[in-house]
Every structure is written in structure tokens, then in C-alpha cells.
1. From the residues in the stretch 367-424 that are among the polar types (S, T, N, Q) and over 25 Å from CYS464 (Cα atoms), which one is farthest from the chain's Cα centre (by Cα)?
2. Could you tell me whether TYR407 is in contact (Cβ under 8 Å) with a residue 12 or more places away in the chain and either touching an Asp or Glu at 6+ places or on another chain (Cβ under 6 Å) or buried (at least 21 other Cβ atoms within 10 Å of the Cβ) (or both)?
3. From ILE262, ILE231, grab the single residue that is under 17 Å from the mean Cα position of the chain (by Cα), closer than 21 Å to ASP136 by Cα and not hydroxyl-bearing (Ser, Thr, Tyr).
4. So how many residues does the stretch 226-249 have that are open to solvent by 40 Å² or more (accessible area, probe 1.4 Å), part of a helix (DSSP H, G or I) and not β-branched (Val, Ile, Thr)?
5. Quick one: which residue in PHE184, PHE257, PHE198, PHE238 is closer than 24 Å to ILE300 by Cα, touching a helix residue (DSSP H, G or I) at 6+ places or on another chain (Cβ under 7 Å) and aromatic (Phe, Trp, Tyr)?
6. If a residue has to be open to solvent by 30 Å² or more (accessible area, probe 1.4 Å), assigned to a loop (DSSP other than H, G, I, E, B) and modelled with pLDDT of 85 or more to count, how many in the stretch 434-466 make the cut?
7. Kindly establish whether ASP217 is more than 28 Å from GLU125 (Cα to Cα), at pLDDT 90 or above and open to solvent by 40 Å² or more (accessible area, probe 1.4 Å).
8. Quick check, is PHE184 modelled with pLDDT of 90 or more, of a type outside the set (Ser, Thr, Tyr), more than 18 Å from ALA378 (Cβ to Cβ) and outside any loop (DSSP other than H, G, I, E, B)?
Amino acid sequence: MRIVMRAFRRVRLAPHPCEVRGGGGKFLPNGCRRFHIASAYLNSGSAHMPLHNIDTERYSSQAIFWRALSTISADAASEASTSITDAGKGGPLVEYERKIASGELVDGDNFQDDIIRQLQRLYDELVEKADECRLDRYSASKKSERSRWLWSRLLPQSSASPVEGLYLYGGVGTGKTMLMDLFFDQLPSNWRKKRIHFHDFMLNVHSRLQKHKGVADPLDVVAGEISDESILLCLDEFMVTDVADALILNRLFGHLFSKGVILVATSNRAPDKLYEGGLQRDLFLPFIATLKERCVVHEIGSSTDYRKLTSAQQGFYFVGKEYSGFLKKYFLQLVGEHKPRPQEVDVVMGRKLQVPLGANGCAYFPFEELCDRPLGAADYFGLFKNFHTLALEGVPIFGIHNRTAAYRFVQLVDVMYDSKARLMCTAEASPTELFERIVTISDAKKMVPRTSSRSRRNDDLDICVDNELGFAKDRTISRLTEMNSKEYLEQHAANLSELSQEVDDVSGELSQEISENGNLLQA
């Protein structure tokens with residue numbers, strides 16, 4: 001977008017005036033040409049102004065624009081080439097050590113050091129083999145790109161990357177996401193790369209499949225589109241719980257890997273534990289084999305949850321129904337002079353999400369309307385593309401009776417955390433106590449069996465044995481803890497301030513452009 005805007009500016013400032021017939025010999029900039037030519041024609045009293053002059057001027061303007069765009073693109077390619085040369089001088093390890101030295105990061109443990117060295121190894125290998133991996137988006141001309149696209153479809157052939165990806169898994173809060181983001185941010189800006197949450201990635205895949213319905217092999221087409229955009233794919237929180245996702249992953253990634261895509265992923269689960277106990281898991285097993293073949297699998301053995309080392313203040317997490325009025329008061333304070341009203345936000349594939357109350361980037365929901373209805377990650381991503389703060393009233397204690405709502409709440413927190421959004425909520429208990437009745441199969445086996453002499457409490461009847469939810473709850477508790485810490489809330493405020501400044505800057509530039517064009521019209 002910046003390249004296009006720079007091209008527009010070059011056209012506007014280019015010394016390429018046009019003489020308007022019947023307009024007193026005025027020379028006008030290209031941006032105003034069409035308006036003044038039409039005015040001159042109407043006011044000249046002549047019925048013989050040749051229309052081809054207008055077309056000639058328009059096409060001349062377009063030619064100047066495309067020449068400017070071509071020149072700037074070439075400059076960008078040159079800059080990109082320089083950035084690739086400089087890339088080998090740094091990397092995630094250098095930046096990690098700099099952040100620790102400056103106090104931006106807490107000094108990690110041996111396990112984190114091991115991860116960052118794995119990422120540095122991958123970084124160095126990618127820089128060395130960038131041309132082989134076709135990472136540089138500027139390295140080939142449009143013509144050769146089209147030619148390669150055509151031949152790849154006429155004569156399909158495997159072109160797997162010479163570089164293996166990386167699959168990092170381990171406990172919650174051990175720094176997987178932070179380190180992957182640090183790695184991603186150090187990559188040259190001209191590379192074909194993408195960092196995305198796994199839920200969001202799969203939603204994008206399903207949306208593309210919908211668009212290519214009726215094609216012989218839509219997964220191959222989708223994989224082709226993804227690989228054209230991003231050769232290096234960084235997926236955060238790789239977690240398969242949906243049978244539809246499980247059934248397409250093997251063929252999708254088979255196509256992606258054969259097209260040269262390199263995967264970097266983080267997960268709480270080892271590859272062999274993915275989709276454990278899921279429906280038709282035997283059809284998912286080939287994907288695990290492919291994943292282990294194309295990625296170095298690395299476990300993070302740390303048991304330290306760095307999210308819980310933040311200042312453990314309660315933030316906007318209120319325990320007890322009596323705080324509902326307090327939550328509403330905070331919400332109205334954040335909204336300020338704006339009037340909250342029901343709103344509607346767009347979700348993927350034309351769907352809409354109804355927001356009970358929203359204003360000034362803040363949304364208000366009762367828990368039932370957001371987690372007790374048939375909603376999912378797509379709806380939550382749509383919500384946080386439009387709102388930066390969620391006030392959620394009445395989060396319950398989870399058990400067998402509301403297991404589905406628990407799954408949705410876990411997804412909601414994942415999307416909020418990935419979107420760096422702020423949560424204000426009232427709940428029946430602390431984050432840890434909300435999930436006490438959710439246990440894994442191994443946890444259930446360790447529980448003391450009920451005997452005739454032991455009283456049968458209502459709480460015992462509400463125990464939910466669910467492996468996926470049992471693993472996911474630790475991540476949710478950890479993230480809720482961090483999201484209510486002083487550090488997280490201060491970072492959220494800083495992000496809002498930065499975004500507000502960017503909006504003001506863009507508004508200022510647009511106002512200046514409009515003002516300059518207005519002055520030229522009056523000249």
C-alpha cells in the first residue's frame with residue numbers, strides 16, 4: 001500500500017502539465033485534468049472539442065502512474081536485496097540477548113536458550129538458502145512468476161523445500177509464542193512469510209475451499225494460493241479438535257510441503273498426541289507422519305509458567321455476581337461520550353455476529369450470548385477485528401453440564417490473547433477454580449474411587465473427563481492470569497495509544513492531500 005501511495009504522490013508532483021483547450025492556456029496537474037477538461041469543453045462554446053484528447057490525457061496519466069509504480073517497485077526490490085544481505089548479521093538469538101540485556105525480557109532458563117538456538121539455526125539456514133526456497137518476493141519478474149504458475153499446473157511436480165521446518169511443543173507459558181514472534185520479526189520484510197494463529201489459518205482455508213467449490217481438487221488450488229503468498233508459514237497454537245480440520249490436514253499439508261512451504265509451529269501437544277481420541281483419527285495419522293518428516297520436532301522441557309511471573313494483580317477480573325453493576329460501570333467509563341448500542345460485525349463467509357452493546361472499541365456480552373450459542377473461532381476473530389475490549393458478564397464454573405461452553409470459552413480466550421485484546425469480566429470463581437472439574441483421562445484414573453461409605457456430592461457428579469479440554473485448561477488459566485496483570489494492561493494501553501497516533505497521522509496526511517487538491521482546483 002505504501003508503494004501505491006508513493007506512486008500517486010509522484011504522479012501528483014510530476015512536471016507533466018496539460019494544456020486545457022478553451023481554458024485560457026492554463027497548465028493543470030494530472031489529478032485535476034478530467035474535471036477541468038470537462039469544464040472547459042462545456043464553457044468554450046465549441047461543439048468540436050475532440051473526445052480522444054480526454055482519453056489521451058487519461059491514458060497518459062495512467063502511464064505516468066504505472067511508470068512511477070514500476071520505478072518504486074524496483075527501488076523496493078533493491079532495498080529488499082540489501083535487507084537479505086544484512087539478514088545474516090542478526091537473528092532471533094541476537095535480539096533475544098539484546099532484550100534480556102535491556103531488561104525487556106526476564107532472563108530465561110536453559111530450555112528457552114535451547115529453543116532460541118533452534119530458531120537461530122533455522123534462521124541462518126533460511127538466509128543461506130533463501131534463493132533455493134524462493135523466499136524473496138521480488139526475486140522473479142511477474143512474467144516468470146506467471147510462467148512458473150502455469151507450468152506447475154500443466155506439469156505438476158514436487159518441489160519440497162531443502163530446509164526442514166520446526167515444531168515446538170511443551171507446557172503453557174514457557175515462551176513458545178514469544179520466541180516464535182521474535183524469530184518472525186527478525187526475518188527480512190521482503191520474504192514471503194506469514195504468522196497466524198492456527199484457528200485463524202483453518203478458518204481461512206475453509207473460506208477458500210468454499211470459494212473453489214466444484215473444482216476437481218480444491219485443496220490443491222488452496223495450497224497453491226497459500227504457497228504463492230507465503231513460503232514460510234508460522235502457526236501458533238497448533239491444536240486439532242475439529243473433525244473437519246482433522247480430515248483435510250493430511251492432504252492440505254501434503255500439497256503445501258510439495259510446493260515448498262516451510263512450517264514453523266508451536267503447540268501444547270506432541271505430534272503423536274494431536275487429535276488424540278478424535279473421531280476417525282486413523283485418517284489423521286498420515287498427517288502426523290508427514291509433519292514429523294518435514295519438521296524438526298523439539299520439546300520444551302521447562303515447567304516454568306512465565307505468564308504467572310507477572311504482577312499477579314486482579315485487573316478487571318471480578319469474582320462474584322454482585323460485581324455485575326461494577327462491570328457495567330467500568331464499561332460505560334471506557335465508552336466515554338459514545339452511546340452504546342446493538343451492533344453487527346462481519347464474520348467469514350458472509351456471516352454476521354450480533355453484539356448486544358458496543359461503542360468506542362468496547363463490546364458488552366452476557367456469557368450465555370457469547371459461549372452458550374453455536375459460535376466459534378470465526379465469530380471471535382470477527383469480534384476482535386472490530387473491538388479491542390470485551391466486557392463479559394457471568395463466567396460460570398465448568399463441568400460436564402456445560403462442557404461445550406467451556407470449549408468455546410477456551411477458544412474465546414485464545415483469540416483474545418492472540419489479538420492482544422483486553423478482558424473485563426465477572427466470574428463465579430478464580431481462573432483455576434473455574435476448571436477444577438475438568439480433568440484428563442490420566443487425572444481421572446488417579447482420583448480416589450467412590451465407595452458406598454463415601455458421600456455422593458453433587459460436585460462429584462459434574463466431573464468432566466475430557467483429554468483435549470483437560471490439556472487446554474492450563475493454557476486458558478495461564479492466559480487469564482497474564483491478561484489481568486499490570487504488564488499486560490499497560491501494554492494494551494500503549495498499543496491503543498500507538499494505534500490512535502497512527503490514525504491521527506493518516507487523517508492529517510489525507511487532510512493535507514485534500515487541502516492541496518482543493519487549492520489546485522481553485523487555481
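1. Selected residue: THR389.
2. When the stated conditions are applied, TYR407 does not pass them.
3. Unique residue meeting the criteria: ILE231.
4. Of the residues in the stretch 226-249, 4 are open to solvent by 40 Å² or more (accessible area, probe 1.4 Å), part of a helix (DSSP H, G or I) and not β-branched (Val, Ile, Thr).
5. PHE238
6. So the answer is 3.
7. For ASP217, the condition - more than 28 Å from GLU125 (Cα to Cα), at pLDDT 90 or above and open to solvent by 40 Å² or more (accessible area, probe 1.4 Å) - is met.
8. Considered against the rule, which asks whether it is modelled with pLDDT of 90 or more, of a type outside the set (Ser, Thr, Tyr), more than 18 Å from ALA378 (Cβ to Cβ) and outside any loop (DSSP other than H, G, I, E, B), PHE184 comes out as yes.
The values are calculated or read from the model by the stated rules, or taken from the named source; none is laboratory data. This structure is a prediction, so every number in the text was calculated from the model and none was measured. A quick note on method: Cβ atoms are made from the backbone with ideal geometry, for glycine too, and the neighbour counts reach across all protein chains shown. What goes into the accessible areas is simple: the full protein's heavy atoms, side chains included, and nothing from ligands, DNA or RNA. Shrake-Rupley method; radii C 1.70, N 1.55, O 1.52, S 1.80 Å.
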